[in-house]
Amino acid sequence: MEKIEHHTPGLTAKNVGKLAALFSNCATESQDGHGKLTRAVDFDQLRQELSTSVVEGLRERYDLDWPGKREALLAANVPIAKTLRPCREESVDFDATKNLSQSAFFAA
């Protein structure tokens, strides 16, 4: 039987790599929560690279903000270690609904 990976890919590291490939002078390093050096992006430098004029800082604009928004953005990129599995016993006419493709089925 084929082993199924139950974690989503780490998108943050992949996206930082893509940005570093496009804008090498925006690539930098920072320390994570454990003191380990990790690849990062200098967003001020990236903002300047993508601008046709000198960027001096934040400008007034409309924004939707709430407490914990930054943490929510970080959490959205964290790999997930959970898997949804079909529950045939609680389903109505499970085999005929066509809600899931056959490739979505796997042994529990």
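Below, the figures for the structure above:
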| read-out | value |
| --- | --- |
| Leading residue by the ranking (nearest to the chain's Cα centre (by Cα)) among those in the stretch 86-108 that are modelled with pLDDT of 65 or more and surrounded by 10 or more Cβ atoms within 10 Å (Cβ to Cβ) | Pro86 |
| Cβ-Cβ under 9 Å pairs, at least 6 apart or on other chains, the stretch 44-58 side under 19 Å from Thr28 (Cα atoms) and assigned to a loop (DSSP other than H, G, I, E, B), far side among the aromatic types (Phe, Trp, Tyr) and at pLDDT 75 or above | Leu50/Phe23 |
| Residue ID - surrounded by the fewest Cβ atoms within 10 Å (Cβ to Cβ), chosen from residues in the stretch 35-45 that are modelled with pLDDT of 85 or more and either closer than 18 Å to Pro79 by Cα or in contact with a strand residue (DSSP E or B) (Cβ under 9 Å, 6 or more places away or on another chain) (or both) | Leu37 |
| Members of the stretch 1-34 that are more than 21 Å from the chain's Cα centre (by Cα) and closer than 21 Å to Pro79 by Cβ | Glu2, Lys3 |
| Residue in the stretch 6-25 that is assigned to a strand (DSSP E or B) and among the hydrophobic types (A, V, I, L, M, F, W, C) present | no |
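The values are calculated or read from the model by the stated rules, or taken from the named source; none is laboratory data. Computed from a predicted model, the values in this text were never measured in an experiment. Quick reminder, even Gly has a Cβ in these numbers, built from the backbone with ideal geometry, and neighbours come from all protein chains shown.
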